[in-house]
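Below is one structure, written out as structure tokens; comments come after it.
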């Protein structure tokens, strides 16, 4: 399953990237993030791996982030792997003529567990909604935080 989400952030691209490219900010806009632990590679660079732990209600979700490409301020691509799910996010940042930032994210999900395959088939909007919520939370953090 593939889709694109977009939002406009009322700040310059430099200010947006300064917040996006700082791992210490993740917990300020990613709901449920408990910890991020660097595993290997040079932090922030292609090939770097980190373990992310989220608490979603009574469930704990662990995933490994692998940075595929860091060409900021233009583009950032990462792969997220968790039990039953592979997810690739390709982020693009463009400064508008008004000095705002257009952020688009191309998301690709590949569920491997039966439950997640069924959910992706019957409720694809659920994945889009989660992406939209994260993008809105980041936009609010940049504009108001």
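Annotations for the structure displayed:
- Using a Förster distance of 35 Å, the FRET efficiency for residue 8-residue 108 (Cβ separation, nearest 0.05): 0.95
- Taken along the Cα-to-beta-carbon direction at a fixed 7 Å, the label points for residue 123 and residue 15 span 3.7 nm.
- Potential lengthening between residue 26 and residue 115 on full extension [0.36 nm per residue; Cα-Cα distance subtracted]: 29.2 nm
- Computed label-point distance, nm, for sites residue 64 and residue 83 using a 7 Å Cα→Cβ extension: 1.6 nm
- Potential lengthening of the chain between residue 95 and residue 40 amounts to 16.6 nm, from the contour at 0.36 nm per residue minus the alpha-carbon distance.
- Peptides 63-72, 124-133 ordered by average Cβ neighbours within 10 Å, highest first: 63-72, 124-133
- Separation of alpha-carbon centers, region 68-114 and region 27-59, rounded to whole Å: 15 Å
Throughout, read-outs are computed from the coordinates displayed, never taken from laboratory work. Nothing here was measured: the structure is a model prediction, and the numbers come from that model. Every residue, glycine among them, receives a Cβ derived from its backbone with ideal geometry; neighbour counts consider all protein chains shown.
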